[in-house]
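As structure tokens, the structure follows; a few thoughts come after it.
Every read-out reported here was derived from the displayed coordinates using simple, explicitly stated rules and does not represent laboratory data. These numbers come from a predicted model, not from an experiment. Using ideal geometry, Cβ is built from the backbone for each residue, glycine included, and neighbour counts are taken over all protein chains shown.
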Amino acid sequence: MQIEPQAFDRVLSSMCTEPHPAARDAAERFLATNPGDPGTYPNVSALEDDAIALLGEIAGLDDPAGYVTSGGTEANIQAVRIARERTDSRTPNVVMPESGHFSFQKAADLLGVELRIVPTDDRHRADLEAVRASVDEDTALVVGVAGTTEYGRVDPIPALGEIAQSADAMLHVDAAWGGFVLPFTDYEWHFGHAAVDTMTIDPHKMGQAAVPSGGLLVRSPELLDELAVDTPYLESTSQATLTGTRSGAGVASAVAAMEALWPAGYRSQYVRSQNNAEWLADALEKRGYRVADPTLPLVAADVPRSTFDALRAKGWRISRTATGELRVVCMPHVTREMLASFIGDLDRLEVRASVPVASDD
Ligand code: 0PR
């Protein structure tokens, strides 16, 4: 029996989405290419330069360098690796708010650096005092998140940059999810706003490219050299990526999506998604749930566990934050109709929950 991929019509938990039609088409055309071997596959390699130029434009980077990764995890690991290579410390540490993605834990494990996780403030943003108190002469990297996985919050990136500089450390911004919506907000998050050294920005999330398509950007090409190893039997002489063979589909798809959507398409998508998030937040608040303000198109609300489980049983793909709140990511495939149907199901469950149980006597 042939198994089909599931439809997106009940998917509210994903940070990936249906690729733009041009991105889907490009992925298919470049499926058999490998940008990991540019001497053999020069066309997709040239496309990767276009991808980095476009990502740089989005992220305020004048002379962009970087590469298309397998996702945010690889980009974050490589950013930690660059910082570890740059520091003189023999016992380097990375300071990150608790809102940081678990990929940094993987990076710390692999690279043998200490991960110092500091608390967030009452708005789920990096607590600057806590960051300041945690950095020391062994700090190689300070991490800020621009669009957190759980609450969609944006850390105060310029202030984190100042702290990093005062400790002679690098600054990494994880905009894996937020990078394609933040250009249309007033937040300060990118290379043009602060002393950012490295950034994660993933086309396969809000960028509407096919998986796998992540992005690592670096302030200057020398930073990529920290990752380079010699490649004796390839026509190219060195390789900075973590993976060897890579998907040309991801690279081509990223370029196709960005060419089709940057900036007007992404802007209208952001407006639509943000309006949807605000509509959902409002609907949940009206029903008495405590809701974390959707500063970006992501809503978290303290829906009880039993209700959450009943919604999942109805087929809704929803997830929870570490503290148990319902989390809905308003990705491009999430329509107002889907959200209205979700709220309809929630109302039916709540009505049932409030009907008194018949007693025998
Ligand atoms: N940085 C941030 C801020 C992220 O949110 C994520 C993934 C990553 C890095 C890692 O990116 P990759 O998964 O591309 O390596 N955040 C989601 C998560 O782990 C990813 C996700 C995607 C979850 C699709 C569910 C899903 O259906 O929760």
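Quick notes on this structure:
- For the peptides 289-299, 135-145, residues were scored by their other Cβ atoms within 10 Å and the scores averaged per peptide; the highest-first order is 135-145, 289-299.
- Packing here is the average count of other Cβ atoms within 10 Å per residue, and on that basis the peptides 170-180, 103-113, highest first, run 170-180, 103-113.
- Between residue 66 and 218, the built amide H atoms are under 5 Å apart, and every one of these is 5 or more places off in sequence or on another chain.
- Each Lys and Arg Cβ is given +1 and each Asp and Glu Cβ -1; about its Cα centre, the chain then shows a dipole of about 1160 debye.
- Folded to 0 to 90 degrees: helix 336-354 orientation relative to the chain principal axis, Cα: 40
- Computed lengthening from residue 268 to residue 245, 0.36 nm per intervening residue step minus Cα-Cα distance: 4.7 nm
- Per-residue ellipticity at 222 nm computed for the chain from its helices equals -12000 deg cm²/dmol, with DSSP H segments shorter than 4 residues left out and the rest contributing -39,500 (n - 2.57).
- Sorted peptide list for 58-64, 75-81, criterion being average Cβ within 10 angstrom, highest first: 75-81, 58-64
- For the chain, the longest principal axis of the Cα atoms and the long axis of helix 157-166 meet at an angle of about 40 degrees.
- Note on residue 106: lysines with a C-alpha under 22 Å away, same-chain residues under 8 apart excluded, are 205.
- The range 21-260: relative contact order in percent, alpha carbon pairs under 8 Å with at least 6 residues between: 31
- Computed from the Cα positions only, the extents of the range 114-266 along the three principal axes stand at 48, 40, 25 Å, in decreasing order.
- In percent, rounded to a whole number, the relative contact order of the range 282-331 is 35, using alpha-carbon pairs under 8 Å and six or more apart.
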